[in-house]
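Structure record follows, encoded as C-alpha cells.
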Amino acid sequence: MDQANDFTHFNEEGRAKMVEVGEKLNTRREAVAVGSIHMMPETLKRIVDKNIQKGDVLAVSQVAGIMAAKQTSNLIPMCHHINLTGADINFSIDEENSKIDIEAVARTTGKTGVEIEALTAVSTAALTIYDMCKAVDRGMIITEIKLIKKTGGKSGDFLRE
C-alpha cells in the first residue's frame, strides 16, 4: 500500500482541507479507545473513597468525556461534525499499579467514522481526572491513549492485537 496516496487531507496546493464525504454511504460505525492515568496510591484511594474536594471525580470525568466526544469537530480542525448515536466512558481501578484505565465508546450511523471522538473522550476524561486531583497529586501521568477497535465504513474494521 502506498501510504503517500492515503493522506486525503491535502488539496492540490498541498494545504490542509476537510475531506469530502458526501458520496459515502451511511453505515453503522463504532470506535473504542483506551488510556490510563497513573497516580500516587493515596490519590487513587481518595478518588475511590470520593474524598476529593472538587467532587466525585469519576462521575465528572465520565460526563466530561461524553461532552468532549460531542464537541470533537470544534477541537480538531479537519474533523467532521458527527451526530453521535451513543457515547460512553468506563473506568477500571487498578490498585496494584495505582492507575485508572479509561475506555470510551462512540457510535454513529453516518458517512465517516468516530475514532477521533472516542480518542477525544478518553483524553478529556483523563485530563478531567488530572484537573480534579492536581491539588493533591501534580505528578499524575496520562499514558497509552490509543484506538482499540473501529467498525464500519469503506476501510473496514480495525482491531488492535
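General remarks:
- Segment Thr85-Asp49, length gained on full extension (0.36 nm per residue, minus Cα span): 9.7 nm
- Relative contact order (percent, whole number), segment 26-159, Cα cutoff 8 Å, 6+ residue spacing: 43 percent
- Among the listed pairs Lys111/Lys146; Lys24/Lys70; Lys24/Lys146; Lys111/Lys154; Lys24/Lys150, those with a Cα-Cα distance over 19 Å are Lys111/Lys146; Lys24/Lys70; Lys24/Lys146.
- Among Leu159, Ser98, Ala87 - extreme Cα towards positive end, dipole of the chain, charges at beta-carbon: Ala87
- Our estimate of slack between Val63 and Lys17, defined as 0.36 nm per intervening residue step minus the Cα-Cα distance, is 13.5 nm.
- Legend: calculated FRET efficiency, His9 to Glu161, from the Cβ-Cβ distance at R0 = 22 Å, rounded to 0.05, equals 0.25.
- The order of the peptides 83-92, 115-124 by mean Cβ neighbours within 10 Å, most packed first, is 115-124, 83-92.
- Kyte-Doolittle mean at least -0.5, axial Cα span of 18 Å or more - DSSP H helices of the chain: 57-70, 115-133
FYI, it's all coordinate maths here, none of it is from the lab. Computed from a prediction, not measured in an experiment: that's the story for all the values here. Cβ coordinates were reconstructed from backbone atoms using ideal geometry, including for glycine residues, and neighbour counts include every protein chain displayed.
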